[in-house]
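Structure record follows, encoded as structure tokens.
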Amino acid sequence: MNPVKIKTTVYLFSLLLLSCVQIKETQKIIFDEHRLEISGFSEIQRHQLERTIAQLKSLIPGPLEIKEVRYRRLSQFEHLFGFSFHGEPLSAWVLRRFSNITYGNPWTVAVNQNKGTLIIGDLFFTELSNLERLYLLVHEARHSDKHGFKHSKCPEGFPFVSAGQPKQDLQGELACDKTPNGAYGYQAAFLFEIFAYGLFEQREAGLLYNSSISRIIQ
Ligand SMILES: [Zn+2]
């Protein structure tokens, strides 16, 4: 073979090899009675996903770590979700809202593009803390309800920053909610319970709660 032919053959062979590596089969993961179709993830990612859902399910409120009077004033969980805070009904609530989870672009964190289809990318696994993964599932699950509770543009002069994406200017971005019962409201309500019961590092939970609340503009 002449050098050009060899080069072409090597190139085609590499492409074929690459496409084989990237094809990952569709699998089902079953949590209790919930059947989730997942596709495109590596073994490590699939296990991480399973661990995240199991962690959500294992949340049990113990004694309050803040004053009860403050808890009563700020807790929105039961009002929004329709049940009191506990990992079992919460994980069932989340799982009911997804029928399949697929691997997306490496730079995707998580998007609920269509009702019930959650797309997750590498950043979900590499850049987030355990608590961030949990609240993201709650956030994305809320996008499956009714008309999807789409976000609104953060207003001109919006003073808050995105701690997770420091390069992004939130002003004018579809990263706010005009309603307290959208994805940010549910995310904040979840984080407040985590903060109040001290279930994760309380400082992280408190900061994430404040940041989530800042996205609700009225
Ligand atoms: Zn969202």
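Every read-out reported here was derived from the displayed coordinates using simple, explicitly stated rules and does not represent laboratory data. Keep in mind it's a predicted model, so treat the numbers as computed, not measured. Neighbour counts are summed over all protein chains in view; Cβ atoms, including those assigned to glycine, are modelled from backbone coordinates with ideal geometry.
For the list (1) over 18 Å from the mean Cα position of the chain (by Cα); (2) part of a helix (DSSP H, G or I); (3) touching a residue at least 12 places away in the same chain (Cβ under 8 Å), I need the number of the one condition that Trp93 fails.
(1)
It is to be established whether one or more residues within the stretch 65-74 are without any contact (Cβ under 8 Å) to a residue 40 or more places away in the chain and within 14 Å of the chain's Cα centre (by Cα).
No, the stretch 65-74 contains no residue that is without any contact (Cβ under 8 Å) to a residue 40 or more places away in the chain and within 14 Å of the chain's Cα centre (by Cα).
Checking the conditions here, which among Leu137, Leu208 is assigned to a helix (DSSP H, G or I), in contact (Cβ under 8 Å) with a residue 12 or more places away in the chain and within 13 Å of the ligand (Cβ to nearest atom)? Quick ask: steps written out before the conclusion?
Details: Leu208 fails: within 13 Å of the ligand (Cβ to nearest atom).
Exactly one of Leu137, Leu208 is assigned to a helix (DSSP H, G or I), in contact (Cβ under 8 Å) with a residue 12 or more places away in the chain and within 13 Å of the ligand (Cβ to nearest atom), namely Leu137.
Give the residues of the stretch 96-134 that are within 14 Å of the ligand (Cβ to nearest atom), of a type in the set (A, V, I, L, M, F, W, C) and part of a helix (DSSP H, G or I), sorted by residue number.
Selection gives Phe124 alone.
Could you list all residues from the stretch 152-196 that are free of Cβ contacts under 8 Å to residues at least 60 places away in the same chain, touching a Phe, Trp or Tyr at 6+ places or on another chain (Cβ under 8 Å) and within 14 Å of the ligand (Cβ to nearest atom)?
Leu170, Cys176, Asp177, Thr179, Gly182, Ala183, Gln187
Looking at (1) within 16 Å of the ligand (Cβ to nearest atom); (2) more than 22 Å from Glu50 (Cα to Cα), which one does Ser144 not meet, given that it meets all the others?
(2)
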